[in-house]
Amino acid sequence: MAENSASLASRKALLIAVDGPAASGKGTIARALARHYGLPHMDTGLLYRAVALNLWRWGGDPGNEFEALRACHELGIDHDDPELRSEPVSQIASAISAYPAVRAALLERQQDFAGQPGGAVLDGRDIGTVIAPEANVKLFVTATPEVRARRRMGELMARGMPAHLEDVLADIRARDARDSQRDVAPLRAADDAILLDTTELDIDGAIAEAIRLIEERAAG
Ligand code: DC
């Protein structure tokens with residue numbers, strides 16, 4: 001743990017909310033913050049992805065809220081399943097996450113995780129606004145759609161899932177629109193969130209900047 005994090009580390013509990021759009025770097029930043037502060041981490045997007053994958057495998061209809069809700073039951077998450085991060089599952093996750101019943105079904109699991117005695121790091125779209133508005137620190141991570149599309153391309157290639165940049169960019173724009181325009185818990189920065197634009201930063205730079213901003217907020 002870094003010495004300059006003493007002010008935060010000495011708190012009884014440290015709850016960090018990290019929100020932002022797809023491929024902004026929020027997941028990597030959240031994992032790094034969890035390591036840095038010695039906290040457990042939850043990637044809440046994986047919950048929505050697991051529901052989407054369930055639905056997809058059953059051949060359920062993402063346009064039907066009741067079927068999407070059924071896919072929430074007995075939710076097991078195999079973190080190593082490559083389908084979880086595939087584009088079709090990303091699109092279905094974005095669609096079913098607009099349903100109030102689906103969000104309600106996943107709420108308790110996230111709030112229980114956030115309420116652990118020592119604190120936690122959660123990343124998603126509505127952590128700072130809905131899941132944990134009481135978080136000690138809220139980060140809202142952004143980057144331009146073009147830069148995010150290139151990052152997503154790199155991830156897909158690395159997993160042996162080749163794609164076209166224009167398609168990935170179109171998917172990212174479609175998801176941004178859906179995630180931020182839905183009625184329930186839309187993607188938006190909490191009023192007291194710290195904004196972190198990672199467009200010009202590599203991953204080490206983004207992590208260092210996240211820690212610097214958090215320490216600055218704690219000191220102020
Ligand atoms: O972070 P991600 O790309 O893995 O998330 C997949 C989808 O899940 C995303 O399009 C929106 C939804 N989501 C959400 O609505 N709320 C969250 N806290 C996390 C993800």
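The values are calculated or read from the model by the stated rules, or taken from the named source; none is laboratory data. Please read all numbers here as calculations on a predicted model, not as lab measurements. All Cβ positions, glycine included, derive from the backbone under ideal geometry; neighbour counts span all protein chains shown. Only protein heavy atoms, including side chains, enter the accessible area calculation; ligands, DNA and RNA are left aside. Shrake-Rupley method; radii C 1.70, N 1.55, O 1.52, S 1.80 Å.
At-a-glance table
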{"quantity": "Apportionment of accessible area to carbon and sulfur, the chain, percent (1.4 Å)", "calculated": "52"}
{"quantity": "Using alpha-carbon coordinates, inclination of helix 45-58 to the longest axis of the chain, degrees", "calculated": "10"}
{"quantity": "Sorted peptide list for 176-184, 194-202, 12-20, 124-132, criterion being average Cβ within 10 angstrom, highest first", "calculated": "124-132, 12-20, 194-202, 176-184"}
{"quantity": "Accessible area in square angstrom per residue, the chain, 1.4 angstrom probe", "calculated": "48"}
{"quantity": "Approximate spin-label separation Arg31-Arg159, in nm, with each point projected 7 Å along Cα-to-Cβ", "calculated": "1.2"}
{"quantity": "Amide proton proximity set for Ile194, modelled H, under 5 Å, gap of 5+", "calculated": "Lys138, Leu139, Phe140"}
{"quantity": "Positive-end residue of Gly27, Gly60, Ala13, charge dipole of the chain with Cβ unit charges", "calculated": "Ala13"}
{"quantity": "Calculated from backbone phi, Karplus (6.51, -1.76, 1.60) coupling profile of region 149-164 in Hz, x at Gly/Pro", "calculated": "5, 5, 5, 4, 4, x, 5, 5, 4, 4, 8, x, 10, x, 8, 9"}
{"quantity": "Viscosity 1.567 mPa s, 4 °C: Kirkwood-radius Stokes-Einstein D of the chain over Cα pairs, µm²/s", "calculated": "73"}
{"quantity": "Simple Cβ-charge dipole of the chain, Lys/Arg +1 and Asp/Glu -1, about Cα centre, in debye nearest 20", "calculated": "180"}
{"quantity": "In region 43-140, the GluC sites (Glu not before Pro) that fall in loop regions by DSSP, at most 16 other Cβ within 10 Å", "calculated": "Glu74, Glu134"}
{"quantity": "Helix-only [θ]222 nm of the chain, DSSP H runs n ≥ 4, -39500 (n - 2.57) each, per residue, nearest 500", "calculated": "-15500 deg cm²/dmol"}
{"quantity": "Projected label distance in nm at Arg188 and Ala174, using a 7 Å step from Cα toward the beta-carbon", "calculated": "2.5"}
{"quantity": "DSSP bridge orientation in the chain - percent antiparallel, rounded to nearest 5", "calculated": "0"}
